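Undergrad: I'd like to ask you about the structure that follows.
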Amino acid sequence: MRDAVTSLIENYDIKGRYLDRDALDSLRSYFDSGMARVQAAAVINANAAGIVKQAGLRLFDELPELIRPGGNAYTTRRYAACLRDMDYYLRYATYALVAGNTDVLDERVLQGLRETYNSLSVPIGPTVRGIQIMKEIVKEQVAAAGVDAGNFLDTPFDYMCRELGEKNL
Ligand SMILES: CCC1=C(C)/C(=C/C2=NC(=C\c3[nH]c(/C=C4\NC(=O)[C@H](C)[C@H]4CC)c(C)c3CCC(=O)O)/C(CCC(=O)O)=C2C)NC1=O
(Lines give C-alpha, C1' and ligand atoms only; values in the text may rest on other atoms or scores of the structure.)
Protein backbone atom coordinates (compact mmCIF):
# COMPACT_ATOMS: atom_id res chain seq x y z
CA MET A 1 0.00 0.00 0.00
CA ARG A 2 1.48 3.33 -1.04
CA ASP A 3 1.00 6.98 -0.21
CA ALA A 4 1.96 10.18 -2.00
CA VAL A 5 5.49 10.11 -0.59
CA THR A 6 6.38 6.44 -0.93
CA SER A 7 5.04 6.21 -4.48
CA LEU A 8 7.09 9.22 -5.52
CA ILE A 9 10.24 7.88 -3.91
CA GLU A 10 9.69 4.52 -5.55
CA ASN A 11 9.40 6.12 -9.00
CA TYR A 12 12.60 8.09 -8.55
CA ASP A 13 14.50 5.21 -7.04
CA ILE A 14 13.69 2.98 -10.00
CA LYS A 15 15.44 5.53 -12.22
CA GLY A 16 18.23 6.16 -9.69
CA ARG A 17 17.48 9.86 -9.73
CA TYR A 18 17.50 12.57 -7.11
CA LEU A 19 14.20 14.31 -6.47
CA ASP A 20 13.92 17.00 -9.12
CA ARG A 21 11.85 20.14 -9.27
CA ASP A 22 8.66 18.29 -10.31
CA ALA A 23 9.06 15.87 -7.44
CA LEU A 24 9.62 18.65 -4.95
CA ASP A 25 6.62 20.58 -6.27
CA SER A 26 4.43 17.56 -5.92
CA LEU A 27 5.69 16.89 -2.38
CA ARG A 28 5.15 20.52 -1.45
CA SER A 29 1.59 20.44 -2.67
CA TYR A 30 0.93 17.24 -0.72
CA PHE A 31 2.35 18.67 2.50
CA ASP A 32 0.63 22.02 1.96
CA SER A 33 -2.72 20.27 1.79
CA GLY A 34 -1.83 17.91 4.65
CA MET A 35 -3.62 19.67 7.47
CA ALA A 36 -6.76 20.14 5.39
CA ARG A 37 -6.72 16.44 4.48
CA VAL A 38 -6.52 15.46 8.14
CA GLN A 39 -9.25 17.93 9.09
CA ALA A 40 -11.52 16.67 6.31
CA ALA A 41 -10.95 13.08 7.47
CA ALA A 42 -11.84 14.15 11.01
CA VAL A 43 -15.12 15.69 9.81
CA ILE A 44 -15.98 12.50 7.92
CA ASN A 45 -15.07 10.25 10.86
CA ALA A 46 -17.24 12.24 13.23
CA ASN A 47 -20.24 12.05 10.89
CA ALA A 48 -19.74 8.77 9.05
CA ALA A 49 -22.93 7.02 10.18
CA GLY A 50 -25.03 10.06 9.32
CA ILE A 51 -23.36 10.53 5.96
CA VAL A 52 -24.02 6.91 4.96
CA LYS A 53 -27.60 7.04 6.17
CA GLN A 54 -28.35 10.30 4.39
CA ALA A 55 -26.69 9.10 1.18
CA GLY A 56 -28.75 5.91 1.28
CA LEU A 57 -31.98 7.88 1.70
CA ARG A 58 -31.10 10.16 -1.22
CA LEU A 59 -30.12 7.22 -3.40
CA PHE A 60 -33.34 5.30 -2.72
CA ASP A 61 -35.31 8.48 -3.18
CA GLU A 62 -33.74 8.93 -6.62
CA LEU A 63 -33.93 5.25 -7.56
CA PRO A 64 -36.87 3.77 -5.59
CA GLU A 65 -36.92 0.65 -7.77
CA LEU A 66 -33.79 -0.54 -5.91
CA ILE A 67 -35.82 -1.18 -2.74
CA ARG A 68 -38.97 -2.47 -4.41
CA PRO A 69 -39.56 -6.19 -4.88
CA GLY A 70 -37.11 -7.34 -7.54
CA GLY A 71 -34.67 -4.53 -6.69
CA ASN A 72 -31.18 -5.52 -5.60
CA ALA A 73 -31.47 -3.68 -2.26
CA TYR A 74 -34.95 -5.14 -1.53
CA THR A 75 -35.25 -7.07 1.77
CA THR A 76 -33.70 -5.87 5.01
CA ARG A 77 -30.63 -8.01 4.52
CA ARG A 78 -29.76 -6.57 1.13
CA TYR A 79 -30.68 -3.04 2.17
CA ALA A 80 -28.22 -3.41 5.06
CA ALA A 81 -25.57 -4.89 2.74
CA CYS A 82 -25.94 -1.90 0.45
CA LEU A 83 -25.45 0.61 3.28
CA ARG A 84 -22.54 -1.43 4.57
CA ASP A 85 -20.92 -1.19 1.13
CA MET A 86 -21.45 2.58 1.16
CA ASP A 87 -19.77 2.67 4.56
CA TYR A 88 -16.79 0.76 3.11
CA TYR A 89 -16.48 3.28 0.30
CA LEU A 90 -16.58 6.17 2.72
CA ARG A 91 -14.06 4.70 5.14
CA TYR A 92 -11.58 3.78 2.42
CA ALA A 93 -12.05 7.22 0.85
CA THR A 94 -10.77 8.74 4.10
CA TYR A 95 -7.69 6.50 3.99
CA ALA A 96 -6.96 7.55 0.41
CA LEU A 97 -7.59 11.16 1.35
CA VAL A 98 -4.99 11.10 4.08
CA ALA A 99 -2.53 9.04 2.00
CA GLY A 100 -2.88 11.38 -0.96
CA ASN A 101 -2.93 8.25 -3.10
CA THR A 102 -5.55 5.89 -4.50
CA ASP A 103 -3.45 2.77 -4.16
CA VAL A 104 -5.33 1.64 -1.05
CA LEU A 105 -8.55 1.72 -3.07
CA ASP A 106 -7.14 -0.56 -5.75
CA GLU A 107 -5.72 -2.96 -3.23
CA ARG A 108 -8.48 -3.16 -0.64
CA VAL A 109 -11.70 -2.14 -2.34
CA LEU A 110 -11.77 -2.38 -6.11
CA GLN A 111 -9.90 -5.59 -6.71
CA GLY A 112 -12.41 -8.23 -7.80
CA LEU A 113 -15.34 -6.03 -6.88
CA ARG A 114 -16.92 -5.87 -10.31
CA GLU A 115 -16.89 -9.66 -10.54
CA THR A 116 -18.54 -9.95 -7.12
CA TYR A 117 -21.14 -7.36 -8.03
CA ASN A 118 -21.84 -8.98 -11.38
CA SER A 119 -22.24 -12.39 -9.81
CA LEU A 120 -24.76 -11.02 -7.27
CA SER A 121 -26.48 -8.72 -9.79
CA VAL A 122 -25.57 -5.67 -7.73
CA PRO A 123 -26.11 -2.85 -10.23
CA ILE A 124 -22.96 -0.81 -10.85
CA GLY A 125 -24.56 2.40 -12.12
CA PRO A 126 -26.63 2.97 -8.97
CA THR A 127 -23.63 2.08 -6.80
CA VAL A 128 -21.59 4.73 -8.61
CA ARG A 129 -24.46 7.16 -8.04
CA GLY A 130 -24.37 6.30 -4.32
CA ILE A 131 -20.67 7.12 -4.15
CA GLN A 132 -21.29 10.42 -5.94
CA ILE A 133 -24.03 11.33 -3.48
CA MET A 134 -21.65 10.60 -0.59
CA LYS A 135 -19.08 12.85 -2.19
CA GLU A 136 -21.63 15.66 -2.39
CA ILE A 137 -22.62 15.24 1.26
CA VAL A 138 -18.99 15.05 2.38
CA LYS A 139 -18.15 18.24 0.51
CA GLU A 140 -21.10 20.05 2.09
CA GLN A 141 -20.14 18.92 5.57
CA VAL A 142 -16.43 19.61 5.21
CA ALA A 143 -17.19 23.11 3.88
CA ALA A 144 -19.69 23.68 6.69
CA ALA A 145 -16.97 22.77 9.20
CA GLY A 146 -14.86 25.58 7.76
CA VAL A 147 -12.20 23.31 6.30
CA ASP A 148 -10.72 24.70 3.12
CA ALA A 149 -10.93 21.59 1.01
CA GLY A 150 -9.56 21.56 -2.50
CA ASN A 151 -9.94 19.08 -5.29
CA PHE A 152 -8.24 16.45 -3.19
CA LEU A 153 -11.59 15.78 -1.54
CA ASP A 154 -13.09 14.65 -4.86
CA THR A 155 -10.21 12.42 -5.88
CA PRO A 156 -10.92 9.18 -3.97
CA PHE A 157 -14.65 9.27 -4.73
CA ASP A 158 -14.10 10.09 -8.41
CA TYR A 159 -11.50 7.37 -8.64
CA MET A 160 -13.82 4.68 -7.24
CA CYS A 161 -16.64 5.81 -9.54
CA ARG A 162 -14.37 5.76 -12.57
CA GLU A 163 -12.78 2.41 -11.82
CA LEU A 164 -16.02 0.74 -10.88
CA GLY A 165 -18.07 2.29 -13.65
CA GLU A 166 -15.60 2.15 -16.48
CA LYS A 167 -15.88 -1.32 -17.95
CA ASN A 168 -18.96 -3.01 -19.40
CA LEU A 169 -21.43 -0.76 -17.63
C1 LIG B 1 -13.91 -3.30 1.81
C2 LIG B 1 -14.11 -3.83 0.46
C3 LIG B 1 -15.40 -4.60 0.25
C4 LIG B 1 -16.44 -4.26 -0.58
C5 LIG B 1 -16.54 -3.04 -1.41
C6 LIG B 1 -17.41 -5.31 -0.49
C7 LIG B 1 -18.59 -5.38 -1.23
C8 LIG B 1 -19.55 -6.45 -1.27
N9 LIG B 1 -20.88 -6.21 -1.41
C10 LIG B 1 -21.55 -7.38 -1.42
C11 LIG B 1 -22.95 -7.56 -1.50
C12 LIG B 1 -23.95 -6.59 -1.71
N13 LIG B 1 -23.79 -5.28 -2.09
C14 LIG B 1 -25.02 -4.67 -2.24
C15 LIG B 1 -25.11 -3.28 -2.63
C16 LIG B 1 -26.07 -2.58 -3.34
N17 LIG B 1 -27.20 -3.08 -3.92
C18 LIG B 1 -27.89 -2.09 -4.54
O19 LIG B 1 -28.93 -2.23 -5.16
C20 LIG B 1 -27.23 -0.78 -4.36
C21 LIG B 1 -27.04 -0.07 -5.68
C22 LIG B 1 -25.94 -1.13 -3.67
C23 LIG B 1 -25.65 -0.23 -2.45
C24 LIG B 1 -25.24 1.16 -2.89
C25 LIG B 1 -26.01 -5.62 -1.93
C26 LIG B 1 -27.51 -5.43 -1.92
C27 LIG B 1 -25.35 -6.84 -1.61
C28 LIG B 1 -25.97 -8.18 -1.23
C29 LIG B 1 -26.33 -8.91 -2.51
C30 LIG B 1 -26.85 -10.30 -2.22
O31 LIG B 1 -26.33 -10.98 -1.33
O32 LIG B 1 -27.78 -10.68 -2.92
C33 LIG B 1 -20.59 -8.44 -1.30
C34 LIG B 1 -20.93 -9.91 -1.29
C35 LIG B 1 -20.74 -10.54 0.06
C36 LIG B 1 -21.57 -9.90 1.13
O37 LIG B 1 -22.80 -9.77 0.98
O38 LIG B 1 -20.98 -9.46 2.12
C39 LIG B 1 -19.36 -7.85 -1.23
C40 LIG B 1 -18.03 -8.59 -1.16
N41 LIG B 1 -16.96 -6.23 0.41
C42 LIG B 1 -15.73 -5.84 0.87
O43 LIG B 1 -15.02 -6.45 1.72
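The values are calculated or read from the model by the stated rules, or taken from the named source; none is laboratory data. A quick note: this is a predicted structure, and the numbers were derived from the prediction, not measured. With ideal geometry, Cβ positions are generated from the backbone for all residues, glycine too; neighbour counts draw on all protein chains shown. These accessible areas exclude ligands, DNA and RNA; they are computed on the full protein's heavy atoms, side chains included. Shrake-Rupley method; radii C 1.70, N 1.55, O 1.52, S 1.80 Å.
Undergrad: Using a ≥ b ≥ c from the Cα gyration tensor of the chain (square roots of the eigenvalues), is it rounded, prolate or oblate, where a/c under 1.5 gives rounded and otherwise the larger of a/b and b/c decides, a/b for prolate? It would help to have the intermediate numbers written out before the result.
TA: Details: a/c = 2.98, a/b = 1.65, b/c = 1.80.
The shape class here is oblate.
Undergrad: Oh, and also: From the phi of every residue in region 116-131, what ³J(HN,Hα) in whole Hz does the Karplus formula 6.51 cos²θ - 1.76 cosθ + 1.60 yield, where θ is phi - 60° and glycine or proline is x?
TA: Coupling constants for region 116-131: 4, 4, 4, 5, 9, 6, 6, x, 6, x, x, 5, 4, 4, x, 5 Hz.
Undergrad: What is the sum of charges, Lys and Arg at +1 and Asp and Glu at -1, for the other residues whose Cβ falls under 11 Å from the Cβ of C161? Mind dumping the intermediate values first?
TA: Working: positive: R129, K135, R162; negative: D154, D158, E163, E166.
Net of charged neighbours comes to -1.
Undergrad: Using Cα atoms only, what is the angle between the long axis of helix 34-62 and the major principal axis of the chain, expressed in degrees (0 to 90) to the nearest 10?
TA: It is inclined by approximately 20 degrees.
Undergrad: Another question, then. Around I9, what is the net charge, scoring Lys/Arg as +1 and Asp/Glu as -1 over all other residues with Cβ under 14 Å from its Cβ? Please report the intermediate quantities before stating the final value.
TA: Working: positive: R2, K15, R17; negative: D3, E10, D13, D20, D22, D103.
Value of the local net charge: -3.
Undergrad: Further, regarding this structure: What accessible area per residue comes out for region 18-169, rounded to a whole number of Å², with a 1.4 Å probe?
TA: Heavy-atom SASA per residue in region 18-169 reads 55 Å².
Undergrad: Heavy atoms only, probe 1.4 Å: what % of the accessible area of the chain goes to carbon and sulfur, would you let me know?
TA: Numbers: 5020 of 9570 Å².
Carbon plus sulfur share of accessible area: 52 percent.
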